[in-house]
Structures are given as structure tokens and as C-alpha cells.
């Protein structure tokens, strides 16, 4: 951030009174511009013991596979966002069951929330951000082809524990991955 | 947002190519300024069957009681943020146990994440954002004095179910409360 989004003046970095963190502050209109982590919402869509994955048609991680997920939007709930992303990327309708995984990625200021979500029917198709969408047996998934560590974590927990218990699995990645998985 | 934070030009509202939502877009440098929900992180700090609450010294809801919670910061995990807020507002050290409640407030673009967190000792004190901090028996809490609906929801779930099961309780508030509780 270089300019104040409220008045257009150049901002300065400063710790505001009563705060302990340096922020972008406007010296003219005194607006403090907070920057906060973003929420990624998505689903683990399941149909007859198979998992729906999307091959990414966009960067980052073009050509790698992911669970349908994306940035949560203003005005929606986490579950609504997860279902929306599943429709947008995989053209699949799901019944959101419960929050399955919470994955922190503090070095890129993200929190990933993945819902366990049985598909309401077996229908799916590639949305505009996907090259291809397909159902996989958990055992048949090649971890080297997975786009994000939160997705790998979710798939591993599902393979190990199943979804029978509405348990929340939590994980985190604190620095860039050596194999460039985000 | 009126001005582009990257170049200072006046922004326009427009649906970017490949998007479906109107954004603030800079017609000069073409930066798209996304606005996304914010995460509130906090704790349900427990000491000998009592719950630690803070009386707010700041707006909104000055003078009302809350669990220690606040905006998640860049560079931290949800659990770290929850423990940080508990120290800042209540000068209490906690052992984060598990995520206890997820509460959506889409009409103000917030997601609240509350961790169940036994206190490591019985010590606490008012931080700069609190008028007073105190331990309460769950039954002794007056719901009319609670600041936020996510806090009320969390207290109700705890009273009803306890924390024995590491279960996640999820709730939401879709519009302003008639009694002005946020």
C-alpha cells in the first residue's frame, strides 16, 4: 500500500496510538489501513467413497489438483463460500456436513477451512478455473500432483480417519514448501 | 475505497473479467482491490470451572462483557492470535486446547473462531482494552451484559455441553440484533 484509499494521500508506516503493530497510516485523514489474513473456504466433496478433485486452470499451481476452494467473499458464511466454490470450480452440488479441517498458512496470511461435503448427486463438470474435474479413490491420488498443502493435509486425514466422526483436524505450514507446494 | 492504494488514482466499481462480483478496480494501473471477511480469534479461558470474561474499555460495546478476542493479525496462526488476544485483554496465559466455536456474521463480514483454553494458572488482570477482568461461574453470567452474539453462543454451548468432547459448535447471525448485541 502506497496511497490512502480514503483520500489519496501517500501513507506512512507507523504504530498507531494504543497499537503494537506497524500499520499503513494516512498522515492527512488519519485513516489506519489494517491488513488481515484471508480465509480460503472449500469442500471435500465425496461421492460413493470417491473424492472430487479439480485440475487447476489458473495460477498459482496451474495443472495441479486441488479440492474446490477459494477466497471467502464478503456477505457469505464459511459454509456458503465453500459450497459456492464447489459449484464454481467443479459444477457439483454438495450437502455441507461439518468443518473437517482448519489449516493455517501464516507466512502467506491465510486460513483454510475445508468442509466435509457429500455430493447430492454424482454430477460434476469443469468450471472456468478448472482444466478437468474427476472423482478419485483416496488411495489413487498422487500426492506430487496436489496443489496445496492444506489439500494434502485434508486428504491424508480423510484417508486415515474417514469422515464418520465430526472431528476437526488442524494443521499448519509456516514456511514455503521445499517442493513448491503452496 | 475511493483511491487506488497502489497508484493513488480514483478507483471505479466494476466486475473484472472472469469474476462475478463487483470490485474496486483502478482504471490506470488495473489493480483489483479485493475486500474479504475478517477473522476474529479468541479464547474461552477456563480456570477451576469458571470462565474469564473482560469488560470492554473500548467501542463497540463499551462496558459490556466479552471473551478475550480480536482481529487476527497477518503472520500468526488462529491459535496464536487467540492466545495473544487473551494476553492483551486479560493478561492471562492459556493452554490452547481445541477450536470450540465457529460463528459467522456475514452482514458485517466476520468469522469468529473461539478456542477452548484452560488457563495455565489463576492469574489475570485488565489489559488496556479492558475496564475489568473477572472469573464467572457459567450460571452467574447475565446474558444482557454480553457484548457479542458469538460470545453468547459460545457460553451457551459450554454451559450446555461442557468442553469434554472436542466438538466444534457452529453458529451464525445474519442481521443486526434487535437488542443491539453485535
Notebook entry, point to check: Looking at this structure, is residue B:22 without any contact (Cβ under 8 Å) to a residue 12 or more places away in the chain, buried (at least 17 other Cβ atoms within 10 Å of the Cβ) and farther than 20 Å from residue B:169 by Cα?
Noted result: no
Notebook entry, point to check: Restricting attention to segment A:36-56, and to residues there that are touching a helix residue (DSSP H, G or I) at 6+ places or on another chain (Cβ under 9 Å) and assigned to a loop (DSSP other than H, G, I, E, B), which single residue is modelled with the lowest pLDDT?
Noted result: A:49
Next item on the list: Check segment B:139-148 and report whether any residue there is more than 14 Å from chain A (Cβ to nearest Cβ), under 23 Å from residue A:79 (Cβ atoms) and modelled with pLDDT of 95 or more.
Entry: yes
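Per-residue answers, yes or no, for (1) more than 22 Å from residue A:77 (Cβ to Cβ); (2) under 27 Å from the mean Cα position of the chain (by Cα):
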| site | (1), (2) |
| --- | --- |
| B:6 | yes, no |
| B:18 | yes, no |
| B:41 | no, yes |
| B:46 | yes, yes |
| B:55 | yes, yes |
| B:62 | yes, yes |
Check: Across segment B:85-115, what is the total count of residues that are surrounded by fewer than 22 Cβ atoms within 10 Å (Cβ to Cβ), touching a strand residue (DSSP E or B) at 6+ places or on another chain (Cβ under 8 Å) and part of a helix (DSSP H, G or I)?
Finding: 2
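The values are calculated or read from the model by the stated rules, or taken from the named source; none is laboratory data. Please read all numbers here as calculations on a predicted model, not as lab measurements. When we count neighbours, we look across all protein chains shown, and the Cβ atoms used for this are built from the backbone with ideal geometry, even at glycine.
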